[in-house]
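Okay, so here's the structure we're looking at.
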Amino acid sequence: MKTKLVFTTLLAGALLGACATQPVTKEEPGLKDVLGDKFLIGTALNVWQVAGQDTAATAIVKKHFNAIVAENCMKCAEIHPTEDTYDFKDADAFVKFGEENGLTMTGHCLIWHSQLAPWFCVDEKGKNVSPEVLKQRMKDHIYTVVKRYKGKLKGWDVVNEAIMEDGSYRKSKFYQILGEEFIPLAFQYAHEADPDVELYYNDYNMHEAGKRETVVKLVKDLKARGLRIDAVGMQGHVGMDYPDMDEFEKSMVAYGNEGVKVMITEWDMSALPTVKRSANIADTVAFRKALNPYPDALPDSVSQVWNQRMGAFMDLFLKHADIMDRVTAWGVTDGDSWKNGFPVRGRKDYPLLFDREYQPKPFVTELIERLEKEKAENAAE
Ligand code: XIL
């Protein structure tokens, strides 16, 4: 193999010499170039990025990612603000951006207790509607939104965050009115609206044993009823001290064993002190100075630990590439991240793959170099 490499180097040198006036500049590979044969690598986009108002972010998207998801504009409160009005402007722009750039798109999300349009589960007096009315509203919403983007999206997060860490069902309005049945109904409606689109169950803290058990049961149950479910989305909002990687891996394997793909759908890692192990946005607690220790920059010592841990997560995803369909970061750069406002408002966090200067974090650069080298070695063998 060594001889081959020397020969290739000599040959490349000779070729370069021959075209000395026109040096061959090879563009540095992006994440999608080195991960493309393993799983999709995606990012969430906000409306400013889609509108082209953040060209540096758009350049990162084009170079590094082959998949996108809308951070907010497809959620019920945004897309269906009142019973009689849909607002597709931002979602249409998102889909257009994806089509123009050849990106694989995920719809996020159809049924979720949060960012739910206030009218959805109640009557004009504010009382919960009957099961029949809610079913009809879910059906109308899901049919309208899914059909609009039929053939354009790869899949939908059909139900988001319905199970608690202890494995019980979240007592959301959907649950109060329809019981556990609201989940299979949502999957049924989504499939009726577009039989070709993939359907996902998506949630956070998916490493928790109780949640793992119920999600596994849910997948079995949907399948037993003959309903479609293609993947389980593990959001992957992680921190420096949680989750335990072994528990996270156990969940990946448990979901994969049910014959569905696994996706990391909203990957980020807060570099700040952990406040609460929850991504329930209703949990926002008062700002406290001690919880915002790096208002200027992330110290090198913390950055090193952060990069090492993110690298370890990526290695875990690569180890299970056979069941992983996609890894998506929840935002492009640190400045865009929702973690700057959650679960404590006004903190400065450093959770994403690119920093505020649009530079890749060290673990990203190292990953690209390592996988590029591995590829070259495999090709030379
Ligand atoms: C977050 C967005 O990033 C924020 O901009 C918004 O204010 C709140 O929602 N779980 C999800 C995502 O499924 O939709 C959430 O996104 C983060 C937690």
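A compact table of results
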read-out: Computed E for Ala312/Arg225 - FRET, C-beta separation, R0 30 angstrom, nearest 0.05; value: 0.20
read-out: For the chain, alpha-carbon Rg over 2.2 N^0.38 Å; value: 1.06
read-out: Net +/- balance of residues flanking Ala91 in space, Cβ distance below 11 Å, scoring K and R +1, D and E -1; value: +1
read-out: Isotropic mean projected area of the C-alpha convex hull, the range 281-367 (nm²); value: 6.7 nm²
read-out: Beta bridge orientation in the range 38-148: antiparallel %, DSSP, nearest 5; value: 20 percent
read-out: Cα pair distances of the range 174-327 binned at 5 Å [whole percent]; value: 2, 8, 16, 19, 17, 14, 11, 7, 5, 3, 0
read-out: Summed residue charge, Cβ within 13 Å of Leu134's Cβ, Lys/Arg positive, Asp/Glu negative; value: 0
read-out: The range 182-243 versus the range 346-372: alpha-carbon centroid distance in Å; value: 29 Å
read-out: Fraction of antiparallel bridges per DSSP, the chain only, in percent to nearest 5; value: 10 percent
read-out: Dipole magnitude (debye, nearest 20) for the range 69-221, charges at Cβ of Lys, Arg, Asp, Glu; value: 160 debye
read-out: Within the range 235-261, backbone nitrogen closer than 15 Å to the virtual label 7 Å beyond the Cα of Glu180 toward Cβ; value: none
read-out: FRET efficiency estimate (nearest 0.05) - Cβ-Cβ, Lys147 to Glu366, R0 30 angstrom; value: 0.10
read-out: Set Lys96/Lys348; Lys135/Lys171; Lys150/Lys261; Lys62/Lys373 screened for pairs whose C-alpha atoms are more than 28 Å apart; value: Lys96/Lys348
read-out: 0 to 90° range, to nearest 10: angle between helix 245-257 axis and the chain longest Cα axis; value: 70 degrees
read-out: Pairwise label distance in nanometres, Ala51 with Lys96, each label 7 Å out on the Cα-Cβ vector; value: 1.3 nm
read-out: The range 340-381 residues near the modelled Glu28 label - backbone nitrogen below 13 Å, point 7 Å along Cα→Cβ; value: 354-355, 358-370
read-out: At 0.692 mPa s and 37 °C, Stokes diffusion of the range 218-276 via Kirkwood alpha-carbon radius, µm² per second; value: 255 µm²/s
read-out: The chain: relative contact order in percent, alpha carbon pairs under 8 Å with at least 6 residues between; value: 16 percent
read-out: Rg to Rh quotient for the range 42-107, alpha carbon positions, Kirkwood Rh; value: 1.00
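Read-outs: derived from the displayed coordinates by stated rules, not from any lab. Treat the numbers as computed from the prediction; the structure is a model and nothing was measured. Virtual Cβ from ideal backbone geometry, glycine too; neighbours counted across all protein chains shown.
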